[in-house]
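Engineer: The structure under discussion is supplied below as structure tokens; questions concerning it will follow.
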Amino acid sequence: MNWALIGASTIAEEHMIRAIRAQAGNRIRWVVSSDAAHAESYAARNGIDGATTDLGRALTDPQVGSVYISSTNEKHRAQTLAAIAAGKHVICEKPLAMTVAEANEMVEAARAAGVILATNHHLRCSGSHRAVRALIRDGRIGRVLSLRIFHAVHLPEHLRGWRLDDPASGGGVIPDITVHDADVARFLLNDDPENVVAQKCVSGMGQGVEDSAMSVWSMPSGAMVMSHESFSHPFAGSGFEVHGSAGSIFARGVMTQRPLGEIELVTEAGRIAVPFDNSDLYTTGVAQFLAATRGKGEPAASGADGVKSLAVAIAVREAAEGGRRIRVNYGETT
Ligand code: NDP
């Protein structure tokens, strides 16, 4: 598979270029950026032959079969629709778009064109998350009563740009991290949140956008989810706890980009450490995407997953802004 990168971003440089090149026979032919000098230096630094500001140039390259979109959030919709119109398969970064309607439009366009649209919710590709999901599915903790997600981090210096001061680009911790946590809850519990209540605030970093949020979601099963995201917590650590009628699972240090952390299962039988696969998350995600393009299975997170996780994040923001309980509006999903 030959690829074009749309967006000369940090996430591509730190994780996705390597994940794509880890797949046998996969090459990156283009990087597309709105800034010519940035595209050139990015391409040179990362050994990519083609650098352009012309999206059409990369998309009309007949050798390109897939694109990875990691521009700022407000560009995802138009770039994805253009790639789909050119017949390319797409991995688009989260949040899929700025609104649920836009995200649904992207999913529908991919369906109509017969191409794969994946959302880069990498945590679904983590061995730790997959191990916990299997424990829950196998009934090891009985009926799930609650899930508590801890995802308050310290935003690294080199990422303190648009996330902190530009709502038009999709800044704020809710589109950045709550959307991931929504996907984690949906993945672990195999269900979609119904209602949310929330609060958000600026705790030292955000300038015009929230940098912290706490919310509670109700699931159709009756389980409750508590979710905490922040950019401003240097020592909080991350993880989640799932509590059931017959046991609890403690997953510590697992809300990361790397296959780290530990899992403990606690039941009447005692405490046991749960082993998990430590494959690279992004490499696993790209492999699953490529299999889907060959007709084998689904991407780890589909376009529809991206829509639903975005819908939860938008409900959290609406609930926090309006000070009231919000029913999650998933729109017209396919
Ligand atoms: P960056 O800020 O690194 O890059 C975003 C865009 O900013 C680039 O695409 C580029 O615009 C522009 N840009 C960046 N550096 C320069 C520069 N030196 N000169 C000119 N323009 C520059 O974003 P991130 O990598 O942090 O995030 C990109 C996307 O990926 C977001 O949607 C984010 O939500 C998502 N993300 C996902 C993660 C995951 O694990 N799934 C983790 C981190 C981010 P242009 O498009 O014009 O090239």
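The values are calculated or read from the model by the stated rules, or taken from the named source; none is laboratory data. Worth saying up front: this structure is predicted, and the values here are computed from it rather than measured. Here the Cβ positions follow ideal geometry from the backbone for every residue, glycine too, while neighbour counts run over all protein chains shown. Protein only, heavy atoms only, side chains kept; ligands, DNA and RNA dropped before computing areas. Shrake-Rupley method; radii C 1.70, N 1.55, O 1.52, S 1.80 Å.
Engineer: Can you give the three extents of the C-alpha atoms in the chain along their principal axes, from longest to shortest, in whole Å?
Structural biologist: 59, 42, 39
Engineer: In Å², what does the accessible area per residue of region 229-334 work out to with a 1.4 Å probe?
Structural biologist: Computed with neighbouring chains in place, this is 48 Å² per residue.
Engineer: Please report the relative contact order for region 96-223, taking Cα pairs under 8 Å with a sequence separation of at least 6, and give it as a percent rounded to a whole number.
Structural biologist: Answer for region 96-223 is 22 percent.
Engineer: Indicate, rounded to the nearest 5 percent, the antiparallel portion of the DSSP beta bridges found entirely in the chain.
Structural biologist: The antiparallel proportion sits near 60 percent.
Engineer: In debye, nearest 20, what is the charge dipole magnitude of region 274-334 about its Cα centre with +1 on Lys and Arg Cβ and -1 on Asp and Glu Cβ, if you could check?
Structural biologist: Here the size comes out at about 220 debye.
Engineer: Order 55, 260, 117, most accessible first, counting only protein heavy atoms with a 1.4 angstrom probe.
Structural biologist: Putting 55, 260, 117 in descending order of accessible area: 260, 55, 117.
Engineer: Hey, another quick one. For the chain, which span is the longest to avoid every loop-located (per DSSP) member of GluC sites (Glu not before Pro) having at most 11 other Cβ atoms inside 10 Å?
Structural biologist: The answer is 1-267.
Engineer: In terms of Cα to Cα distance under 27 Å, which lysines are near enough to residue 296, apart from those fewer than 8 places away along the same chain?
Structural biologist: Straight-line reach from residue 296, under 27 Å: 88, 94, 308.
Engineer: How high is the relative contact order of region 167-217, in percent, counting Cα pairs under 8 Å that sit 6 or more residues apart?
Structural biologist: Relative contact order for region 167-217 comes out at 41 percent.
Engineer: Explain nothing, just the number: dipole magnitude of region 184-320 about its Cα centre with +1 on each Lys and Arg Cβ and -1 on each Asp and Glu Cβ, in debye rounded to the nearest 20.
Structural biologist: Dipole size: approximately 240 debye.
Engineer: Right, something else. To the nearest whole percent, what portion of all C-alpha pairs in region 141-192 is separated by more than 15 angstrom?
Structural biologist: In whole percent, the share of Cα-Cα pairs in region 141-192 beyond 15 Å is 57.
Engineer: Give the share of C-alpha pairs in each 5 angstrom bin for region 106-156, from 0 to the last occupied bin, in whole percents, shortest bins first.
Structural biologist: Once binned at 5 Å, the Cα pair distances of region 106-156 give 4, 14, 13, 16, 14, 13, 15, 9, 1.
Engineer: Follow-up. Along each principal axis of its Cα atoms, how long is region 1-116 end to end? Whole angstroms, biggest number first, please.
Structural biologist: Here the spans come out as 37, 26, 24 Å, largest first.
Engineer: Let me ask something else about it. Once you have the alpha carbon radius of gyration of region 206-286, what is it after dividing by 2.2 N^0.38 Å, with N set to its residue count?
Structural biologist: Dividing the Cα radius of gyration by 2.2 N^0.38 Å gives 1.34.
Engineer: Give me the tail of P(r) for region 110-249 as a percent: Cα-Cα pairs with distance above 27 Å.
Structural biologist: 28 percent
Engineer: Averaged per residue, what accessible area in Å² does region 1-154 show with a 1.4 Å probe, protein chains only?
Structural biologist: Solvent-accessible surface per residue comes out at 39 Å².
Engineer: In debye, nearest 20, what is the charge dipole magnitude of the chain about its Cα centre with +1 on Lys and Arg Cβ and -1 on Asp and Glu Cβ, if you could check?
Structural biologist: For this selection, approximately 720 debye.
Engineer: Sticking with this structure for a sec: Would you mind telling me the share, in percent, of accessible area of the chain contributed by carbon and sulfur at probe 1.4 angstrom?
Structural biologist: So the carbon and sulfur contribution to the accessible surface is 50 percent.
Engineer: Any idea how far apart residue 2 and residue 145 come out in nm if each label point goes 7 Å out from Cα toward Cβ?
Structural biologist: Each label point is offset 7 Å from its Cα along the Cβ direction, giving 5.8 nm.
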